[in-house]
Amino acid sequence: MIVSQFFKGVSETFQDAEDIDGALLIQGFEQGVAGAYSSVATPVEGTMLTVLKDATAAVKREYTPEQSVDDIIARFIKYAKISLDNTPELLPVLKESGV
């Protein structure tokens, strides 16, 4: 559910676009994060929400107009993995379970 709402937000950003550049992609990621958070009654950090938010913030922070869409997607995946590795530190039940 959360991931589908993320991609819904991303796709809505592209709805009227003829071309997608890095800036628009990041705008789509931000819209996707907003959609994902709004789809959950009580958002909890340490979940998929955090992974999407962290990856989006990281690619936005490092963005330069010279970056290709492919490069931004690769960076998004890289930072999503880093955030995912950190989720047990944010949600005690995950740490206790060894997740």
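Membrane-span-like helices of the chain, defined as complete DSSP H segments with a Cα extent of 18 Å or more along the helix axis and a mean Kyte hydropathy of at least 0.5, are identified as 2-14, 22-38.
According to the Kirkwood expression over distinct Cα-Cα pairs, how big is the hydrodynamic radius of the chain, in Å? So the Kirkwood estimate lands at 14.0 Å. When the chain is described by a simple charge dipole with +1 on each Lys and Arg Cβ and -1 on each Asp and Glu Cβ, the residue from 49, 73, 7 located farthest towards its positive end is 49.
Ignoring everything except DSSP H segments at least 4 long, calculate the 222 nm mean residue ellipticity for the chain; use -39,500 (n - 2.57) per segment, divide by total residues, nearest 500. Don't jump to the answer; show the numbers that get you there.
Values: 5 runs with 73 residues, N = 99.
Rounded to the nearest 500, it is -24000 deg cm²/dmol.
Straight-distance candidates among the aspartates and glutamates for linking to residue 60, with alpha-carbon spacing under 15 Å and chain neighbours fewer than 8 residues away dropped: 21, 30, 70, 71.
Out of the total accessible area of the chain (probe 1.4 Å, heavy atoms of protein only), what percent is carbon and sulfur?
On the way: 3460 of 6090 Å².
Here carbon and sulfur together make up 57 percent of the probe-accessible area.
Its relative contact order, with pairs defined as Cα atoms under 8 Å and 6+ residues apart, puts the chain at 27 percent.
The values are calculated or read from the model by the stated rules, or taken from the named source; none is laboratory data. This is a predicted model, so every value here is computed, not measured. Cβ sites come from the backbone with ideal geometry, for glycine too, and all protein chains shown count toward neighbours. Side chains are part of the model used for accessible areas, which takes the heavy atoms of the whole protein and leaves out ligands, DNA and RNA. Shrake-Rupley method; radii C 1.70, N 1.55, O 1.52, S 1.80 Å.
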